[in-house]
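Participant: For reference, the structure I am asking about is given below.
FYI, it's all coordinate maths here, none of it is from the lab. Please read all numbers here as calculations on a predicted model, not as lab measurements. Because the Cβ atoms are built from the backbone with ideal geometry, glycine has one as well, and the counts that use them run over all protein chains shown.
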Amino acid sequence: MAEPGEQIAVESRGAPVGRRIVLGVAALGAAGVVAGRWLSEGVSSVVASTAPGLASVIPAAGGFRIYTVTGGYPEFDPATYRLTVSGLVDRPASWSLADIAELPQTQMTKDFQCVTGWRVDDVPWSGVLLRDVLSACGVESGAEALAFTSFDGVYTESLTLEQAMRDDMLVATTMYGKPIEVKHGAPVRLIAAPMYAYKSIKWMDGIELTRTVQPGYWEVRGYDIDAWVGESNGRTDEPVV
Ligand SMILES: Nc1nc2c(c(=O)[nH]1)N[C@H]1C(S)=C(S)[C@@H](COP(=O)(O)O)O[C@H]1N2
Ligand SMILES: [Mo]
């Protein structure tokens, strides 16, 4: 079984990803200082991550490992990015980054733990609580789960509605007080703080309210759907604080 620490080697789609991202930067041109910083970092890291013979996971500052099952980082334009909320909701949404900034903002500092064993203590995140997203859209009766998509086109995740209503489930837009970097899932990623980090989908662009749980990318590959730190996947880590 593939490990959530081996995605690049196992799941890489090869060279076209890097080329597509480079072209994306050129096409965006003067899209702005912020976009430029996000995208240029993506390019250098993608080149490194697809070099032959390199370790499958890229160590990053602060103890993080950078994972991407596609072998690259997906491009986005902050001017056209949208987060959609669909399915069993009263008010479907398609929010720009400015719209997301208008929603109630929450900060939390939580340990970040991968199921392969690495952990980064005390990471400060901010964004919108998943339950505030849900109250903004109105959950219809019959909805029991959330299905998340990424604009990398491949990665997916899931939570039950009950899990999503916790106060430590965040639609994150900042990390360490700055916009989330491309490699960490810009512009919006999920932080499912009490669960192993494979639940925390990067480059998130969709939340669908569903009747039943749709197992996510790693879950159809054998990992636990309910990924509580220390109580799943046969691991005994301390719960996150
Ligand atoms: N879209 C997407 N999200 C993802 C992943 C991925 O490969 N693609 N990997 C997951 C795993 S296994 C982990 S441990 C964390 C790693 O987050 P980081 O790359 O910011 O360190 O992202 C999670 N979210
Ligand atoms: Mo992971």
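Participant: Per residue of the range 97-112, what does 6.51 cos²θ - 1.76 cosθ + 1.60 with θ = phi - 60° give for ³J(HN,Hα)? Whole Hz please, x for Gly and Pro, Karplus curve as stated.
Facilitator: 4, 5, 4, 5, 5, 7, 6, x, 9, 10, 10, 8, 10, 9, 5, 10
Participant: Could I ask something else about it? Taking 30 Å as R0, compute the FRET efficiency from the Cβ-Cβ separation of Arg221 and Ala101 and round it to 0.05.
Facilitator: Efficiency computed from Cβ-Cβ geometry: 0.30.
Participant: Classify the range 75-221: rounded, prolate or oblate, from the alpha-carbon gyration tensor (a ≥ b ≥ c, eigenvalue square roots; a/c under 1.5 rounded; otherwise prolate if a/b is larger than b/c)?
Facilitator: Rounded.
Participant: Suppose the chain between Tyr176 and Asp90 were pulled fully straight at 0.36 nm per residue; how much longer would it get relative to their current alpha carbon spacing?
Facilitator: Gain on stretching Tyr176 to Asp90: 27.6 nm.
Participant: Further, regarding this structure: Take Ala60 and Val241, extend 7 Å from each Cα along the Cα→Cβ direction, and tell me the distance between the two endpoints in nm.
Facilitator: 2.4
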